[in-house]
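What follows draws every value from the coordinates through simple rules; no lab data is involved. Predicted model, so just to flag it, every value in this text is computed and none were measured. Virtual Cβ from ideal backbone geometry, glycine too; neighbours counted across all protein chains shown.
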Amino acid sequence: MAAPGFFQRQAHARRNTSLLVVLFLSAVVLITLAVCLVGYLVTRSESSPLPFHQWLLSTHGMTTAAAVVILIGIGSLVRGLDLAGGGSRVAKMVGARLIEPDTRDPDERKLRNIVEEMAIASGVSVPELYVMDGETSINAFVAGYAPGEAVMVVTKGALAQLNRDELQGVVGHEFSHILNGDMRLNVRLIAILAGILMIGQIGQFLLRAGFYSSATRRRNSDSRAQVAMGILGLALVIIGYVGVFFGRLIQAAVSRQREMLADASSVQFTRNPEGIGGALFKIGMTSAYLDTTSHASDMNHMCFGESARMKFTSLLASHPPVNERIDAIQPGLLARLRSRLRDTEPSSKLQAKTAQPESARISDLANQVVGPARGTPGSRLSPLRSSLTGSTQQPATQLSTRVGTVTPQSEAFAADLLQQLPSTFRNLLYTRAGAIQLCYGLLTYHLPVAERIQYLASIPQHALLGEQPDILSKLLPTLATLGEAARFPTLELAMPALRKLNAEERHALLSNVRQLVAADKRLSLFELALNTFLNRHLSPKAEQAVPVRHRNYRSVKAEIECVVGLFARAGTDSEQDAANLYQEAMAGFFSAPDQRPTTSVSIRELQAALAALSRLSPLLKPGIIDACGHCILHDGMVDVREYELMRLVADQLDCPMPPL
């Protein structure tokens, strides 16, 4: 398999960006020609009736065309800069309210439990959760530029009307968008649509200003100018419908198939077709329209269901019809849901039918998302090792095929872990103070008491960021009981609280973590992983998109040598074996590798190397994952520390590594 499904989907999402550019430029050309035609008819003189094509090349025509292009460009640029803050900015744009991690609302806690389980199972940080309180419809969307910085928004109607299985189906659908790279594409599409719709919005303003003013000032001498402004506005509004048409067409072009893929992913993630099927059925009975935000049409392509009313839905809808989506999930499911609605008596649980031609199509889509389950559910081995145990058919060099997947084993791991967490411990992770102390506890829980006290005393005193013994005393016993396998999952649970720190607090936390790491004058793999992980997700640029700058390995040769050398040394205690592993792994990139792995690597050097590798083209990233996997899998064993290092590299490359 040349390129794993996750990376293929990431590359496909980037190719869709090129499609957006082509469609956008086509829309700009047609809108510009339409506005120029209006300008030609308005300025045409009977004494000098130039043909339209000659007028278009005249000073008036070129000025009009340039003005239109500049206005559209400014509209897209302004909205793009406005959305540079990532998913949280999109959530605020639609008036959504942040769900506090320690919320006591039962519906919100239900959502948080489902999202946390899915996040741990897929190997991404827990998304920030928002709710649109004024929306009684059933809908949801995710936004952001990277899986680790995602934001999930749900309507109040979804929380109130969906049961746990149905809500889990919706969450699984949205996690597919996170893992498939759809979020970045969707946010960029909002900016593109803003520019296309700019002319129509200007026309609406002129129409209101012209006719309203002329109606209220009929006796004024400039009423004719007001009427002329209104007529011009009307013409621009009509032209604006060209922009609306193209906007809808672009949404439909990039959205429909990905919605079907996300439905299939949800079924595969949850193993419950009636969950997402029931949610879609309830949308068909009620609606998914967003009525409290003016941005509903802009965001139609990124929502779970159609968020805006429109005409010509068969042509311009961003989602397939609800009935078609339900039938694609499982043949006969729609009929069963309708029958269940008519039946007033509780029905017994219906068994899923055997595969039929129609279901085979959705099954093929599902198989693109996750592979067959492997390993033993509930295994207490290293997460990575348990995913590879018992299967000789999965070569070590294909570790990248694990990226971006959710399997029954990873879900079992997540559910088991969350069940083991004491409520006091888990609630502390939802607070800023508790999340900060968790970072300190992860670095010191294994130390003797006297040594731990000495290291923690070196942290500067601070009401929030300093050592808080009362909180640590509630965290340390659980960390010691759960052991190494729970370190990264608990950190993921704390990420929403850590993201609430302001820039100054984040900087101080990172400084304190570095101080604890350096306290014993030794750098363990976990200390390296934790420090790099926090720097990646708490930096000022964490929510910004990472552009592709490298389309071959040659341009990042030094960075590959740095990372592969680290893994070669981590995979064995023998210097000679490390050199051999390094040579074997590097041979996959360059024909004649002749440099031995470096004896050490600093945190700063590793961060710089990973930052450069994150800018590789998606189809080049699996080579990095598999080279690192070759080094740690050469002896057939992977301990938790090696998994954490593997997880670190995958995270820095925006490649979610599930804890299987």
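Points worth noting:
- Proximal aspartates and glutamates to Lys110, defined as alpha-carbon separation beneath 15 angstrom and excluding residues fewer than eight positions away on the same chain: Glu100, Asp102, Glu128, Asp165, Glu166
- Estimated D of the stretch 618-660 in µm² per second, where Rh is the Kirkwood radius over Cα pairs and Stokes-Einstein applies at 4 °C, 1.567 mPa s: 121
- Calculated Rg and Dmax of the stretch 421-526 using C-alpha coordinates, Å: 12.8, 35
- Net charge in the neighbourhood of Ile178 (other residues with Cβ under 11 Å of its Cβ; Lys, Arg +1, Asp, Glu -1) is -3.
- When you filter the trypsin sites (Lys or Arg not before Pro) in the stretch 549-652 for DSSP loop state and at most 15 other Cβ atoms inside 10 Å of their Cβ, you are left with Arg549, Arg551.
- C-alpha center-to-center spacing [the stretch 105-156, the stretch 449-520] in angstrom: 26
- For the cross-link pairs Lys92/Lys541; Lys500/Lys521; Lys557/Lys621; Lys521/Lys541, the ones whose C-alpha atoms lie over 21 Å apart are Lys500/Lys521; Lys521/Lys541.
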